[in-house]
Every structure is written in C-alpha cells, then in structure tokens.
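Supplied in structure tokens, the structure appears directly below.
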There are 2 protein chains.
Amino acid sequence: MALMFWYDFSSTYSYLAAMRIAEKAAAAGVEVTWHPFLLGPIFAEAGHAGSPNLVGEAKAGYMWMDIGRRAAHRGIPFVRPAVFPQKSVAAGRAALALEGEERAAFSRAVFGEIFGKGRDCADLAVLADAATAAGLDPERVVAGASDATAKAALFAAVDEAKTHGIFGAPSFVTHDGALFWGDDRLDHALHWERTGMLPEGG
Amino acid sequence: MALMFWYDFSSTYSYLAAMRIAEKAAAAGVEVTWHPFLLGPIFAEAGHAGSPNLVGEAKAGYMWMDIGRRAAHRGIPFVRPAVFPQKSVAAGRAALALEGEERAAFSRAVFGEIFGKGRDCADLAVLADAATAAGLDPERVVAGASDATAKAALFAAVDEAKTHGIFGAPSFVTHDGALFWGDDRLDHALHWERTGMLPEGG
C-alpha cells in the first residue's frame with residue numbers, strides 16, 4: 001500500500017508538492033512512490049495547444065504569483081525560470097533510471113534547480129548538478145537520461161498515467177485507485193490513502 | 001472589510017463554494033459579499049473554446065467525479081445537469097437585481113436547483129422556484145432577469161472581475177486585493193482576509 005505521486009518536472013505545482021510530500025506522508029504514516037511522466041503527450045491528446053495554466057495572461061499571471069506566494073510561505077526558494085515550459089524528457093528518463101529514495105532525492109534536486117534557481121532541466125549539466133546535490137554520482141545519473149530502458153519506461157509511464165485518468169500534475173493516486181489533482185489536494189490524498197475517505201472540511 | 005466571492009452560476013466548483021462560504025466565513029468572523037459574473041466572455045478573451053474543465057475526457061470525467069465525491073462528503077445533494085455548461089445570464093442578472101442577504105439566499109437556491117437537482121438556470125421557471133425556495137417573491141425576482149439596470153450591472157461585473165485578475169470561478173478577493181482561485185482555496189482566502197497571510201500548511 002502506497003500513495004503514487006505523479007509529476008512532470010516542468011510542472012510548477014509539482015514543484016510545490018515534491019518539496020513537501022515526503023515530510024507530510026511520513027507524518028501521516030503513508031508510503032509514497034515517485035512517478036515522473038510527461039504531460040506533453042497527454043495535453044496534446046486532450047486538445048490543449050500547450051500548458052492549460054498559460055492560456056490567457058490572467059491565468060498565467062495568477063499561477064506565477066500563487067507559486068511565489070506559496071513558496072515564500074513554506075520557506076522554499078522560488079525563481080521563475082526563463083525557459084518555461086521546459087522539455088522534461090531527459091530529466092524524466094534520468095529519474096526513472098533511479099529507484100526508491102534515489103529517485104525521490106534526485107527529483108527534489110531537479111525541481112530545486114528549475115524552480116528554486118530558475119535553471120533549465122533540458123540541460124544535462126543541470127541534471128548533473130542535481131545528482132550531485134542529491135548525493136549521487138552525476139555521471140551515472142546523466143547516463144540514465146539516454147538509457148534505452150529508461151526511455152521505454154518514460155513512454156510506459158505516460159500510458160500508465162492515462163490508465164489512472166491523469167490529465168495534469170501533480171496527481172496522486174491512492175492504493176484503491178482514487179485520483180486527486182493538484183498540490184492543493186495532497187492532504188486529501190494522504191487522508192484517503194489511510195482511511196478511504198476525504199478529511200473533515202475536504 | 002469583506003471578502004469578495006465571485007461566482008458564475010454555471011460553475012461546478014462555485015456550487016461547492018456557495019454552499020459552504022456563509023458558514024465558514026461566519027466561523028472565521030469574516031464578512032462576505034456575493035458577486036455573480038459571467039465566465040463566458042473571460043474564457044473567450046483568454047482564448048478558451050469553452051470551459052477549460054471540459055477539455056479532454058479525462059479532465060471532464062475527473063471534475064464530475066470530484067464534485068460528486070466532495071458533495072457527498074459534505075452532505076449536499078449533487079445531480080449532474082443534463083445541460084452543461086448552462087447559460088447563466090438570466091440568473092446572473094436576477095441575482096444582481098437583489099442585494100445583500102437576499103442575493104446570497106437566492107444564489108444558493110439557484111445553485112441548488114442546478115447542481116442539487118440537475119435543472120437548467122436558463123429556464124425562468126427554475127429561477128422562480130429558486131426565489132420561492134429562498135423565501136422571496138418569484139415574480140419580483142424573475143423580473144430582475146430582464147431588468148435594464150441588472151443587465152448593465154452584469155456587464156460591469158465582468159469588467160470588475162477582470163480588474164481583479166479573475167480568470168475562473170469561484171474566485172475570492174480579499175480587501176487588500178489578494179486573489180484565490182477555486183473552492184479548494186476558500187480556507188486560504190478566509191485566513192488571508194483576517195491576517196494578510198496564508199494559513200499553516202497553505
């Protein structure tokens with residue numbers, strides 16, 4: 001029994017979730033598995049021209065304001081990346097070439113490079129720095145970005161995400177298949193994972 | 001000092017917010033003003049072909065599931081309306097022709113007709129029933145739907161919503177201009193209205 005955490009490295013709200021899910025899940029006594037995937041093909045299939053968060057100036061402006069507001073409140077850095085959305089294929093593969101706590105630590109570090117420092121995760125040097133920050137061997141991690149097995153795993157992750165009904169990120173899927181979309185709903189997902197129901201006020 | 005609650009009668013998540021905001025605001029000691037507006041022109045200007053919640057089967061499916069799940073949890077009825085999205089112009093005008101607690105009570109009743117019973121708020125008979133349910137004179141309320149002042153007020157409401165940066169509904173605007181989008185963020189908006197900051201865990 002574990003809560004699945006589905007994220008795309010290019011997703012702003014996935015950053016917020018990635019930086020707090022381990023602590024919140026531990027406090028709730030819930031195990032988490034980390035599932036990088038790609039929103040691009042899912043957005044394209046749904047008929048979005050690009051990120052739905054960027055449709056219209058008002059919505060895009062709100063997103064950046066809201067991310068900054070919440071990051072400041074949570075005491076985590078936020079720098080709006082010059083490149084956005086980013087190509088998250090290499091980062092996704094590199095993360096999938098790792099397992100368990102290594103994948104989680106590397107993923108947090110990649111998010112930190114992107115949204116904590118404003119860097120571009122399509123740059124392999126950024127992935128190497130994230131690996132180092134996570135205490136991993138950068139050469140081994142960067143090799144994962146061009147690994148054939150990881151490449152196939154990323155395609156498979158997109159397909160698996162679709163089977164869960166996932167259309168955005170972050171998404172959380174409980175062991176009994178309940179889907180929650182958005183960093184806002186992390187508390188709901190954790191409570192459901194433990195109890196099979198929404199929390200009070202949910 | 002009051003928290004502004006911006007809603008479109010055709011908005012599913014506005015239903016969830018409308019049915020709980022009075023109680024939650026009272027508990028927080030916050031005054032609320034009710035602001036019906038129209039998402040249609042705002043979506044069109046942003047480049048949406050229709051409701052962003054309906055882009056792609058997965059997202060639309062999630063929305064209906066999620067609304068039903070939360071409504072059940074909160075003990076409020078939910079019937080998916082056969083007509084969706086709905087034309088909310090008449091309901092918006094009728095609501096704007098009322099003031100204060102009459103507007104709030106009528107608005108809750110309209111939402112109840114739409115999402116609690118599955119009826120179409122473009123039907124004036126539905127607005128009459130909502131007025132009766134809210135303890136108001138149905139003839140007077142329905143007359144508001146074709147009132148010239150209310151018509152102008154609804155246009156003005158859309159313009160005012162834009163000045164607050166509103167791009168979706170429900171939206172909450174605090175007395176110091178902070179914007180929160182979504183029923184999920186009601187607690188944050190109420191806390192900000194009182195304290196000028198996000199709540200713990202926000």
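The values are calculated or read from the model by the stated rules, or taken from the named source; none is laboratory data. Predicted, not measured: the structure shown is a model, and the values here were computed from it. Cβ sites come from the backbone with ideal geometry, for glycine too, and all protein chains shown count toward neighbours.
Filter the range B:165-186 for residues that are more than 16 Å from the chain's Cα centre (by Cα) and within 9 Å of chain A (Cβ to nearest Cβ); which is surrounded by the most Cβ atoms within 10 Å (Cβ to Cβ)?
Checked the range B:165-186; the qualifying residue surrounded by the most Cβ atoms within 10 Å (Cβ to Cβ) is B:Ala178.
Taking the options A:Ala157, A:Ala153, name whichever one is in contact with a strand residue (DSSP E or B) (Cβ under 7 Å, 6 or more places away or on another chain) and in a helix (DSSP H, G or I). Quick ask: steps written out before the conclusion?
Details: A:Ala153 fails: in contact with a strand residue (DSSP E or B) (Cβ under 7 Å, 6 or more places away or on another chain).
The conditions single out A:Ala157.
Which of (1) in a helix (DSSP H, G or I); (2) among the charged types (D, E, K, R); (3) under 16 Å from the mean Cα position of the chain (by Cα); (4) under 20 Å from A:Val83 (Cα atoms) does A:Asp120 not meet, given it meets every other one?
(1)
Also, I was wondering about something else. Quick one: is B:Glu160 free of Cβ contacts under 8 Å to residues at least 12 places away in the same chain and farther than 15 Å from B:Ser11 by Cα? Spell out the reasoning first.
Numbers: free of Cβ contacts under 8 Å to residues at least 12 places away in the same chain: no; farther than 15 Å from B:Ser11 by Cα: yes.
Taking the combined requirement at face value, the residue does not satisfy it.
For every residue, the table says whether it meets (1) more than 23 Å from B:Phe106 (Cα to Cα); (2) buried (at least 21 other Cβ atoms within 10 Å of the Cβ); (3) more than 14 Å from chain A (Cβ to nearest Cβ).
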{"residue": "B:Arg119", "(1), (2), (3)": "no, yes, yes"}
{"residue": "B:Ala130", "(1), (2), (3)": "no, yes, yes"}
{"residue": "B:Asp137", "(1), (2), (3)": "no, no, yes"}
{"residue": "B:His188", "(1), (2), (3)": "yes, yes, no"}
{"residue": "B:Gly196", "(1), (2), (3)": "yes, no, no"}
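Moving to a separate point now. Give the range A:173-202 a look and list any residue that's under 16 Å from A:Ile42 (Cβ atoms), touching a strand residue (DSSP E or B) at 6+ places or on another chain (Cβ under 7 Å) and not β-branched (Val, Ile, Thr), or say none. Before the answer, list the steps.
First pass over the range A:173-202, keeping only residues under 16 Å from A:Ile42 (Cβ atoms): A:173, A:179, A:181-182.
Next, from what is left, pick out any that are touching a strand residue (DSSP E or B) at 6+ places or on another chain (Cβ under 7 Å): A:173, A:179, A:181.
Listed by number, the residues that qualify are A:Leu179, A:Trp181.
Here's a check for you: in the range B:6-51, which residue that is among the acidic types (Asp, Glu) and part of a loop (DSSP other than H, G, I, E, B) is nearest to B:Val79 (Cα to Cα)?
B:Asp8
Is the range B:22-34 home to any residue that is charged (D, E, K, R), modelled with pLDDT of 95 or more and within 16 Å of the chain's Cα centre (by Cα)?
Of the range B:22-34, the ones charged (D, E, K, R) are B:23-24, B:31.
Add one more test, that the residue is modelled with pLDDT of 95 or more, and what stays is B:23-24, B:31.
Imposing the further condition that a residue be within 16 Å of the chain's Cα centre (by Cα) reduces the set to B:23-24.
Yes.
Something else now. Identify, by number, the condition in (1) closer than 18 Å to B:Ala18 by Cβ; (2) more than 20 Å from the chain's Cα centre (by Cα) that B:Gly196 doesn't meet.
Here B:Gly196 clears every test but (1).
Which condition breaks for B:Ser107 when tested against (1) in contact with a helix residue (DSSP H, G or I) (Cβ under 6 Å, 6 or more places away or on another chain); (2) surrounded by fewer than 19 Cβ atoms within 10 Å (Cβ to Cβ); (3) more than 14 Å from every other protein chain (Cβ to nearest Cβ)?
If we test B:Ser107 against (1) in contact with a helix residue (DSSP H, G or I) (Cβ under 6 Å, 6 or more places away or on another chain); (2) surrounded by fewer than 19 Cβ atoms within 10 Å (Cβ to Cβ); (3) more than 14 Å from every other protein chain (Cβ to nearest Cβ), just (2) comes out false.
Here's the yes/no breakdown for (1) more than 25 Å from A:Met65 (Cβ to Cβ); (2) aliphatic (A, V, I, L, M); (3) touching a residue at least 40 places away in the same chain (Cβ under 8 Å):
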site: A:Leu3; (1), (2), (3): yes, yes, yes
site: A:Tyr13; (1), (2), (3): no, no, yes
site: A:Ala18; (1), (2), (3): no, yes, yes
site: A:Ala26; (1), (2), (3): yes, yes, no
site: A:Phe37; (1), (2), (3): yes, no, yes
site: A:Ala44; (1), (2), (3): yes, yes, no
site: A:Gly47; (1), (2), (3): yes, no, no
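Looking for whichever is within 14 Å of another protein chain (Cβ to nearest Cβ), β-branched (Val, Ile, Thr) and in contact with a helix residue (DSSP H, G or I) (Cβ under 6 Å, 6 or more places away or on another chain) here; the options are A:Ile21, A:Ile67, A:Ile42. Which one fits?
Values: A:Ile21 fails: in contact with a helix residue (DSSP H, G or I) (Cβ under 6 Å, 6 or more places away or on another chain); A:Ile42 fails: in contact with a helix residue (DSSP H, G or I) (Cβ under 6 Å, 6 or more places away or on another chain).
Exactly one residue qualifies, and that residue is A:Ile67.
Can I ask one more? Test of understanding: among A:Arg103, A:Arg194, A:Arg185, which residue is touching an Asp or Glu at 6+ places or on another chain (Cβ under 9 Å), under 16 Å from A:Leu3 (Cβ atoms) and part of a helix (DSSP H, G or I)? It would help to see each step written out before you state the result.
Working: A:Arg103 fails: touching an Asp or Glu at 6+ places or on another chain (Cβ under 9 Å); A:Arg194 fails: touching an Asp or Glu at 6+ places or on another chain (Cβ under 9 Å).
Step by step, each of A:Arg103, A:Arg194, A:Arg185 is checked, and only A:Arg185 is touching an Asp or Glu at 6+ places or on another chain (Cβ under 9 Å), under 16 Å from A:Leu3 (Cβ atoms) and part of a helix (DSSP H, G or I).
I'd like the full set of residues that are crowded, with 18+ Cβ neighbours inside 10 Å and within 8 Å of chain A (Cβ to nearest Cβ), limited to the range B:70-93.
Listed by number, the list holds a single entry, B:Arg70.
Also, I was wondering about something else. Checking B:Met65 against (1) under 15 Å from the mean Cα position of the chain (by Cα); (2) modelled with pLDDT of 95 or more, which single condition isn't satisfied?
Exception for B:Met65: condition (1).
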